[in-house]
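What follows is a single structure, written as structure tokens, with notes after it.
Where a number appears in this text, it was derived from the coordinates with a stated rule and is not lab data. Quick caveat, the model's predicted, so the values are computed rather than measured. Cβ placement follows ideal geometry from the backbone for every residue including glycine, while neighbour counts extend to all protein chains displayed.
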Amino acid sequence: MISIIIPALNEEKYLSLLLESIKKQKFPFGSAQGRQDYEIILADAGSKDKTLEIAKKYGCIITPGGLPAKGRNLGAKVAKGELLFFLDADTVLPDNFLKKALSEFNERNLGLASFCLVPFPRSKISYFFMNIFYNQPIILLENTLPHSAVGILIKKDLFEKLSGYDEDIKLAEDHDLGRRAQKLFGAKTGIIKSTEIFVSDRRFRTEGWLSVGLKCLLCELHLIFIGPVKTDIFNYKFDHYENKKETKK
């Protein structure tokens with residue numbers, strides 16, 4: 001069984017899109033003898049909108065959350081699956097995503113995997129920037145400098161050996177997880193090539209492509225030369241990507 005873990009805070013606008021895309025998935029294994037193929041765990045950080053209502057409608061297991069690292073760790077504690085799939089709330093899975101991803105994960109004998117991203121709504125400029133600044137670099141650095149963000153598939157026993165996400169890290173705790181997996185336990189990590197994840201471009205619309213790109217570059221340099229980001233130097237806040245002007249309308 002696979003446990004899909006989603007940290008969330010006020011995600012009513014996107015959550016139903018994600019959960020509906022999960023509902024449509026086909027799996028490489030059946031549910032013979034009453035076996036449950038997957039479970040969805042929502043780690044809620046205190047949503048004030050309809051996030052919890054939507055999660056209950058789709059049969060999610062709900063657990064308390066916090067900042068993303070804490071939410072993911074709390075979700076993992078109640079997970080029953082031998083595989084954990086951490087997924088941001090503002091994503092959508094394409095058809096047959098899980099069948100393709102799990103098949104490749106097993107064929108390559110990976111311990112941890114992440115994915116290339118496709119922004120939505122899709123435009124030429126957003127797709128160009130996502131490929132140049134994220135997708136191509138993570139593929140090129142797949143074996144030497146692991147990257148893992150937005151969607152991370154990991155074996156539960158490996159996750160437990162790592163003691164989960166480091167909750168002291170303020171930004172890029174997901175990349176840290178992948179690099180610790182490779183460095184500390186020699187885990188085989190990789191980028192899944194057979195499918196991708198659709199992710200909202202809201203952070204880029206809100207902060208600007210150049211601003212987000214510069215922040216990611218500086219964060220990467222911090223990780224390489226200084227170490228994990230454990231201060232508020234990048235001023236990261238959970239639930240700050242929504243366009244406040246749109247919210248007021």
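Results, tabulated for the structure shown:
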{"item": "Relative contact order (%) - the range 2-248, alpha-carbon pairs under 8 angstrom, separation at least six", "result": "22 percent"}
{"item": "Charge context of residue 107, other residues only, Cβ under 13 angstrom, K/R +1, D/E -1", "result": "+4"}
{"item": "Kyte-Doolittle at least -0.5, axis length at least 20 Å by Cα - qualifying DSSP helices, the chain", "result": "209-225"}
{"item": "Helix-only CD estimate at 222 nm, as mean residue ellipticity for the chain, using -39500 (n - 2.57) per DSSP H run (n ≥ 4)", "result": "-11500 deg cm²/dmol"}
{"item": "Packing rank of 56-66, 215-225, 172-182, where each peptide gets the mean count of other beta carbons within 10 Å, highest leading", "result": "172-182, 56-66, 215-225"}
{"item": "HN-Hα J in Hz across the range 43-58 - Karplus 6.51, -1.76, 1.60, θ = phi - 60°, x for Gly and Pro", "result": "9, 8, 9, x, 4, 10, 9, 9, 4, 5, 4, 5, 4, 5, 4, 8"}
{"item": "Karplus-derived 3J(HN,Hα), 6.51/-1.76/1.60, for each residue of the range 62-67, Hz, glycine and proline x", "result": "10, 10, x, x, x, 4"}
{"item": "Residue 65 long-range amide H proximity, modeled H, under 5 Å", "result": "44, 45, 46"}
{"item": "Vicinal HN-Hα couplings computed from phi for the range 113-122 (Karplus, 6.51 cos²θ - 1.76 cosθ + 1.60; Hz; Gly/Pro x)", "result": "9, 10, 9, 6, 10, 10, x, 9, x, 7"}
{"item": "Unsatisfied cross-links (Cα-Cα over 28 Å) in the set 183/230; 23/215; 13/99; 57/99", "result": "23/215"}
{"item": "For the range 2-248, diffusion coefficient by Stokes-Einstein and Kirkwood Rh (Cα), 25 °C, 0.890 mPa s, µm²/s", "result": "134 µm²/s"}
{"item": "Sequence-distant residues sharing a close amide H with residue 198 (under 5 Å, placed H)", "result": "92, 118"}
{"item": "Share antiparallel - DSSP beta bridges, the chain, percent rounded to 5", "result": "30 percent"}
{"item": "Residue 26 versus residue 236: modelled label distance in nm, points set 7 Å from Cα along the beta carbon direction", "result": "3.7 nm"}
{"item": "Mean-position separation - Cα centroids, the range 136-212 and the range 1-23, in angstrom", "result": "18 Å"}
{"item": "Long-range amide H partners of residue 2 with built H, under 5 Å", "result": "38, 39"}
